[in-house]
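See below for the structure under consideration.
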Amino acid sequence: RKIIHDVRVSGDEAVIKYTRRFDKAKLSVKQLKVPENEISGAYQTITSDFVSSLKMIIHNVSSFYKKQNHKPCRVRNAEGVLLKEHVTPLENVGVYIPAGTAPLVSTVYMTVIPAKVAGVKRIVIMTPPDKNGHVNPHILAVANLLKVSEIYKVGGAQAIAALALGTKAIPKVDKIIGPGNMYVTEAKRQL
């Protein structure tokens, strides 16, 4: 509750404060968003076999979701009234990707691909940085292959609060998805 309140009142300052406290990463507001050079640099620390496997996985998962029938339904009832369902994708979705003890690389493609197939225009990833202020290169590589709009170096309840409320550096989203620890889960519940 306090973290959410602080993010609501102080925005990016609170995000920075809690990132320093919980992740031990000293970042400025400008460093919250992962820059392109860090994303492209991630490929230098992972194997080409991993990238090949990712491309195959992305293809398979995408194929599965594309085959699901999400077409609007149209039915004319007995009185001749046309009943129909209209499916409209959300504009923006925030995806929380844990990276504490083990980065959950599969969570990236298992959340981002369905959102992309559904037609979500802006997909934002929030993932905690390491103590040096870097995001796991495997997470960056998957996000890059999936053409994720934005990636931020923020974890925990402060990440959920920033996504739900918005700050100057992190625009708010319509929906937040992805797993997390009890603090992340509680922040989602409260927001």
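Contact annotation: residue pairs with Cβ atoms under 6 Å, 6 or more positions apart or on different chains, pairing a residue in segment 86-101 that is acidic (D, E) with a partner that is in a loop (DSSP other than H, G, I, E, B), are E91/K121; E91/D174.
Annotation: of all residues in segment 1-40 being touching a Leu at 6+ places or on another chain (Cβ under 9 Å) and without any contact (Cβ under 8 Å) to a residue 40 or more places away in the chain, the one that is surrounded by the most Cβ atoms within 10 Å (Cβ to Cβ) is I16. Counting only strands (runs of 3 or more DSSP E) that fall entirely inside segment 51-164 and contain at least 2 residues that are of a type in the set (V, I, T) and modelled with pLDDT of 95 or more, the qualifying elements are 92-96, 122-126.
Can you find a residue in segment 78-95 that is closer than 20 Å to Y43 by Cα, loosely packed, with under 15 Cβ neighbours inside 10 Å and out of contact with any Gly (no Cβ under 8 Å at 6 or more places or on another chain)? Checked segment 78-95: no residue is closer than 20 Å to Y43 by Cα, loosely packed, with under 15 Cβ neighbours inside 10 Å and out of contact with any Gly (no Cβ under 8 Å at 6 or more places or on another chain). Can you tell me which residue among V15, V105, V95 is under 25 Å from A161 (Cα atoms), hydrophobic (A, V, I, L, M, F, W, C) and in contact with a His (Cβ under 6 Å, 6 or more places away or on another chain)? Just one listed residue meets the conditions, V105.
This table checks each residue for (1) farther than 25 Å from N181 by Cβ; (2) over 20 Å from the mean Cα position of the chain (by Cα).
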site	(1), (2)
V34	no, no
N37	yes, no
A42	no, no
I46	yes, yes
I58	yes, no
H70	yes, yes
A78	yes, yes
P98	no, no
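Considering segment 136-150 alone, what residues qualify as being open to solvent by 10 Å² or more (accessible area, probe 1.4 Å) and out of contact with any Gly (no Cβ under 9 Å at 6 or more places or on another chain)? Once the filter is applied, which keeps residues that are open to solvent by 10 Å² or more (accessible area, probe 1.4 Å) and out of contact with any Gly (no Cβ under 9 Å at 6 or more places or on another chain), segment 136-150 yields N136, H138, N144, L145, L146, K147, V148, S149, E150.
Would you confirm whether any residue within segment 152-170 is open to solvent by 60 Å² or more (accessible area, probe 1.4 Å), out of contact with any strand residue (DSSP E or B) (no Cβ under 9 Å at 6 or more places or on another chain) and not acidic (D, E)? Checking segment 152-170: at least one residue is open to solvent by 60 Å² or more (accessible area, probe 1.4 Å), out of contact with any strand residue (DSSP E or B) (no Cβ under 9 Å at 6 or more places or on another chain) and not acidic (D, E). Scoring K131 on the criteria (1) buried (at least 18 other Cβ atoms within 10 Å of the Cβ); (2) out of contact with any Pro (no Cβ under 9 Å at 6 or more places or on another chain) leaves a single failure, condition (1).
The values are calculated or read from the model by the stated rules, or taken from the named source; none is laboratory data. Computed from a prediction, not measured in an experiment: that's the story for all the values here. For neighbour counting, all protein chains shown are included, and Cβ atoms are generated from backbone atoms with ideal geometry for every residue, glycine included. Only protein heavy atoms, including side chains, enter the accessible area calculation; ligands, DNA and RNA are left aside. Shrake-Rupley method; radii C 1.70, N 1.55, O 1.52, S 1.80 Å.
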